[in-house]
Amino acid sequence: MLLAVLAILLPTSVFAASDCLPIGETSKHVGETKCIIGKVLHVKVGPKRVHLIGFCEDRAACPFSVVVLASDLKDVGDVRRLEGRFIEIHGPVKPYAGRAEIILNRVGQL
């Protein structure tokens with residue numbers, strides 16, 4: 001939990017030595033379990049309360065996103081608090097609609 005708080009509050013330069021990949025490299029690692037780092041620009045709530053965490057101004061052109069299913073919100077918490085913060089997220093990188101994504105289903109992934 002402390003790591004999650006630090007990942008949210010500290011700037012990226014603190015993580016420069018980490019093994020996390022920037023969002024632009026995620027497409028090369030689909031099918032692998034990785035750590036991805038980036039700044040959350042927005043959190044959108046879609047149909048069925050699915051939360052989409054975006055790292056780019058133009059979502060359609062973004063190479064990576066994070067998805068939180070409504071059923072996982074109880075384990076993840078209020079992801080809207082991530083807006084404007086740099087985060088590290090750990091998990092399997094999966095393909096979805098032409099981009100890479102990680103499904104966030106527990107707070108320990110942050």
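The values are calculated or read from the model by the stated rules, or taken from the named source; none is laboratory data. Here the structure is a predicted model, which is why all the values come from computation and not from measurement. Here the Cβ positions follow ideal geometry from the backbone for every residue, glycine too, while neighbour counts run over all protein chains shown. Remember, those area values only see protein heavy atoms, side chains included, never the ligands or the DNA or RNA. Shrake-Rupley method; radii C 1.70, N 1.55, O 1.52, S 1.80 Å.
Pull up all non-local amide H partners of residue 101: gap of 5 or more, or a different chain, and H-to-H distance under 5 Å with H placed in the peptide plane.
The list, which skips near neighbours in sequence, is 65, 94, 96.
Per residue, how much accessible area does region 64-107 show when a 1.4 Å probe rolls over the protein heavy atoms, in square angstrom?
Working: 2140 Å² over 44 residues.
Per residue, region 64-107 has 49 Å² of solvent-accessible surface.
Which lysines, if any, have their Cα less than 26 Å from the Cα of residue 48, not counting same-chain residues under 8 positions apart?
Counting by Cα, and skipping residues close in sequence, residue 48 has these lysines nearby: 39, 74, 94.
If amide H atoms are built 1.01 Å from N in the plane of the peptide, which residues on other chains or at least 5 residues away come under 5 Å of the amide H of residue 55?
For residue 55, the qualifying residues are 41.
Lys and Arg at +1, Asp and Glu at -1: add these up for the other residues within a Cβ distance under 14 Å of residue 34 and post the number.
Working: positive: 28, 94; negative: 19, 25, 32, 88, 101.
In short, -3.
Take residue 75 and residue 90, extend 7 Å from each Cα along the Cα→Cβ direction, and tell me the distance between the two endpoints in nm.
Here the modelled spin labels are 1.5 nm apart.
What length, rounded to one decimal in nm, is gained on full extension from residue 61 through to residue 83, with 0.36 nm per residue of separation minus their alpha-carbon distance? Kindly include the intermediate steps, with their values, before the conclusion.
Numbers: separation 22, 0.36 × 22 = 7.92 nm, distance 1.89 nm.
Separation in residues times 0.36 nm, less the Cα-Cα distance, equals 6.0 nm.
Mind listing the long-range amide H neighbours of residue 21? Cut-off is under 5 Å, sequence gap 5 or more, other chains count too, H placed in the peptide plane at 1.01 Å from N.
Close amide H contacts, sequence-distant or interchain: 35, 36, 37.
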